[in-house]
1. What does the convex hull of the Cα atoms of region 220-352 come to per residue, in Å³, rounded to a whole number?
2. Can you figure out the FRET efficiency of Arg506 with Lys406, using R₀ = 41 Å and their beta-carbon distance, to the nearest 0.05?
3. Round to a whole angstrom and tell me the spacing of the C-alpha centers of region 184-211 and region 388-416.
4. By per-residue mean of other Cβ atoms within 10 Å, what is the highest-first order of 170-178, 427-435?
5. At 1.4 Å probe size, with the rest of the protein present, what percent of the exposed accessible area of the chain is carbon and sulfur atoms?
6. Based on the mean of other Cβ atoms within 10 Å per residue, sort peptides 116-124, 456-464 so the most packed one is first.
7. Between Asn326 and Asn82, what FRET efficiency follows from the Cβ-Cβ distance if R0 is 45 Å, with the result rounded to 0.05?
8. Determine the sum of side-chain charges near Asp129: Lys and Arg each +1, Asp and Glu each -1, restricted to other residues whose C-beta is under 11 angstrom from that of Asp129.
Amino acid sequence: MTFDLAQLNEAIRYEGGISRRLFLAYAASLSALPWIGARAVGQTRRAAFSNDPFRLGVASGDPTDTGVLLWTRLAPQPLEPNGGIAPENFEVAWELAADESMNRVLQRGTAVATPQLAHSLHVEVNGLDPNHWYWYRFRAGDAESPIARTRTLPTAESSPPELRFAVASCQHYEAGLYTAYQHMAEENVDLVFHLGDYIYEYGGEDNRVRKHAGGEIMSLADYRVRHSQYRSDPLLQAMHARCPWFVTWDDHEVENNYAGEVAEDERVDPATFLVRRAAAYQAYYENMPLRKTSLPHGPDLQLYRRARFGRLAQFNILDTRQYRTNQPNRDGICDINAAASAPENTMLGATQRRWIESSLLASPATWNVLAQQVMMGEVDVEPDESRRFFMDQWPGYLRERQRLIKFLADHQVKNPVVLTGDYHANWVNNLRFDDRRSDTPVVATEFVGTSISSEGNGARFPKDWQAILAKNPCVRFFNGERGYVRCTVTPHEWRSDFRTIPYVSRPGAPVVTRATYVVESGRPGAELT
Ligand code: FE
Ligand code: CA
């Protein structure tokens, strides 16, 4: 008997919506799976746990103007292969309140945590007021989760005066502590955008700040444990508890520099790689506050999506990994040659590209944001006369990049802003059809957020920085420290504060605003304030 994740998800809908027919079909399908104990079938346990089952914390995500997704995952022993929990169903209660002390409960329900989804819960709460803060918690057996805060977005027609959010990416667990999240939690932001490299796949190494459990992750069990280890971090948990997140992935949620069906090592058979990708995608879904629309189907997972903050901002959250063609010039860094300029190179894939174009055309928003992974600025990173660009980034997919920039210009898309992760450094880039032609008009502005911890302590300037800046007039700012970007958006102005910390090798690093760049509505390009 086949067993379909969409059907499963129908079956685990929260109280009131549960379909008995689907639940029974799901339960029957489980009986065909040899690794499920007989008591799991159609039964749900209300258990007493030997240890706190909420050790991975709670989270919320993908808010709309009427609802939000609440997440948790039961794992009393996070680093054990199954989270230290029996392969059975467990009933979990949730409640959502109007106040922090959970006195005025507005909605409550129950959901079933199943071993098929690593005892994760993805509860879609609807019927909420727009532009409101709420608090929520879960209960399983005798255990209660921490109380966390979340919010809805303003209605699509409204004109909110301000939006404050933070941009994060690249949180290599071994490379450093998550002090950046400790500071972010005090910023009182409405939202967080996480732009990828939420986990890294590498095996544990000695003599680092922390150590990955196990070797390089390959199987579903491996990916689950890795997510558990990252999620055990109290500072990461605390930031998830502050506000809803919009997450998207980059490469390391699966494997470094993978491209669509092509593994980092191109000799790996795509069919073999897709088995690994399916495991990684499933673990990603299980551990992220994503809606049912992102339930994986084998090696596929729908992640690109849109969010509207009233008429102020529209966010197009992209997936530049799943549908990619292979990187040109696989040695990774070279001039933009014929292979990089080949018209068939794509990062978005045709379907996503059509989606984003129609999304931008229909947008009434003042600010139109592409929240995505890799740098769009065509930055020549060679300090001498030769030229070298990273082929894993947009310069390796030059024609599609040009098509996108031309589309923004031709259709006069209002105030395009690109938000980027991956680089482990801050950049501010003024984007043109061809960034190497500084005599042409600026079309969009790119803010690249640095890493939370990846590459360790970091430094403000690499060697040869001045020479690289001189060669690249599109670059307005560079900084190689750790941190995050705090964005304050009004109808008149976009403000990006580059919040940085000097070290991640020990706790307690202070945060400073290393620089602030502003975009004025109607005038693309960033100015230092
Ligand atoms: Fe990274
Ligand atoms: Ca990356």
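1. On the way: hull volume 21.0 nm³, N = 133.
That works out to 158 Å³ per residue.
2. Values: r = 48 Å, r/R0 = 1.16.
Computed FRET efficiency for Arg506 and Lys406: 0.30.
3. 28 Å
4. Working: 170-178: 24.3, 427-435: 22.4.
Result, highest mean first: 170-178, 427-435.
5. Numbers: 9700 of 19580 Å².
It is 50 percent, rounded to a whole number.
6. Working: 116-124: 23.9, 456-464: 15.1.
By packing density, highest mean first, the sequence is 116-124, 456-464.
7. Working: r = 36 Å, r/R0 = 0.79.
Once the sixth-power term is evaluated, E becomes 0.80.
8. Details: positive: Arg151; negative: Asp65.
Local charge sum for Asp129: 0.
The values are calculated or read from the model by the stated rules, or taken from the named source; none is laboratory data. Just so it is clear, the structure is predicted and the values come from calculations on it, not from any experiment. Neighbour counts are summed over all protein chains in view; Cβ atoms, including those assigned to glycine, are modelled from backbone coordinates with ideal geometry. The accessibility values were calculated without ligands, DNA or RNA, using every heavy atom of the protein model including side chains. Shrake-Rupley method; radii C 1.70, N 1.55, O 1.52, S 1.80 Å.
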